[in-house]
Amino acid sequence: MLALAAIEGRTTLAPDELVPLARRLERPEPRVALGIALRGTASAMLDVSDGLTGDLGHILDASAVGARVELERIPCARALAARRHGPERELALACLLAGGDDYELLFTARNAARERVAAIAHEVGVPLTRIGKVMPPETGLVVRAESGDALPALPRAFDHFAAPAPGQGGQA
């Protein structure tokens, strides 16, 4: 989403930052091999196409559980990490938490499956990062900032059923 923000003029990126981010935006590489390898190990899984918090929310709702996510553990490009502190923090949070079109896999697995998950990551050559923990249902979704405090508000992820904002038109 940072590439899209740069293309739309909401931020600036150096060419060496924009080119790889735009490539990922325009030609995502779905993690098909990883998804297949995680069958039987992952408890729940989907791709992050509508934003991390929105897609994780679908898993949490379907499973009737909550989750705690550690903001600093979410993998991101250096250009985005550099914006997590300072004047572009709001943009960075929107990209990290609500930005779609990543098509990375988000999955849950039992603690007992950690070694198997690590072996699968090695087998398919995809680095995996534990970004949080599934919690009891009453916790909802909590994203903890670098300070350890919960973020007071989360950026809105894409919602296919929401009315378009004025001037946006409909989606096909």
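Would you pull out the residues with amide H under 5 Å of V143's amide H, same chain only if 5 or more places away, H placed 1.01 Å from N?
HN-HN under 5 Å from V143: V69, L151.
Give me the percent of accessible area attributable to carbon and sulfur for the chain, probe 1.4 angstrom. It would help to have the intermediate numbers written out before the result.
On the way: 5720 of 10710 Å².
Using a 1.4 Å probe with all protein chains present, the chain comes out at 53 percent carbon and sulfur.
Roughly what % of DSSP beta bridges within the chain run antiparallel, to the nearest 5? Write out the running numbers ahead of the final one.
Details: 10 of 14 bridges.
Roughly 70 percent of the beta bridges in the chain run antiparallel, per DSSP.
Ratio to report: Rg/Rh of segment 61-152, with Cα atoms as the point set and Rh obtained by the Kirkwood method; give two decimals.
0.98
Per the Cauchy relation, a quarter of the hull surface: what is the mean projected area of the convex hull of the alpha carbons in segment 86-129, in nm²?
Mean orientational projected area (segment 86-129, Cα hull): 4.4 nm².
Would you mind working out the accessible area per residue for segment 29-160, using a 1.4 Å probe, and quoting it in Å²?
With all protein chains present, segment 29-160 gives 57 Å² per residue.
With runs of 4+ DSSP H residues as the only contributors, calculate the mean residue ellipticity of the chain at 222 nm using -39,500 (n - 2.57) per run, divided by the residue total and rounded to the nearest 500. It would help to have the intermediate numbers written out before the result.
Numbers: 7 runs with 56 residues, N = 172.
-8500 deg cm²/dmol, from helical runs alone.
Helix 52-63 sits at what angle to the longest principal axis of the chain, using alpha carbons and giving 0 to 90 degrees rounded to 10?
The angle comes out at about 30 degrees.
Can you give me the pair-distance distribution of the chain, C-alpha pairs, 5 Å bins, whole percents?
The distribution over the chain is 1, 7, 15, 20, 20, 17, 12, 5, 2, 0, given as percents.
Taking the 0 to 90 degree range and rounding to the nearest ten, how far is the long axis of helix 15-26 tilted relative to the main principal axis of the chain, both from C-alpha atoms?
60 degrees
Could you give the length gained on full extension between N111 and R24, defined as 0.36 nm per residue of separation minus the Cα-Cα distance, in nm?
28.2 nm
Report the extension gain between D16 and R156 in nm, rounded to one decimal, defined as 0.36 nm multiplied by the number of residues separating them, less their alpha carbon distance.
On the way: separation 140, 0.36 × 140 = 50.40 nm, distance 2.90 nm.
Result: 47.5 nm gained on full extension.
If you line up the long axis of helix 114-124 against the longest principal axis of the chain, both from Cα atoms, how many degrees apart are they, to the nearest 10?
Helix 114-124 and the main axis of the chain meet at about 60 degrees.
The values are calculated or read from the model by the stated rules, or taken from the named source; none is laboratory data. Note that the structure is a prediction, hence the values are computed from the model and not measured. Note: accessible area is taken over every heavy atom of the protein model, side chains too, but ligands, DNA and RNA are not part of it. Shrake-Rupley method; radii C 1.70, N 1.55, O 1.52, S 1.80 Å.
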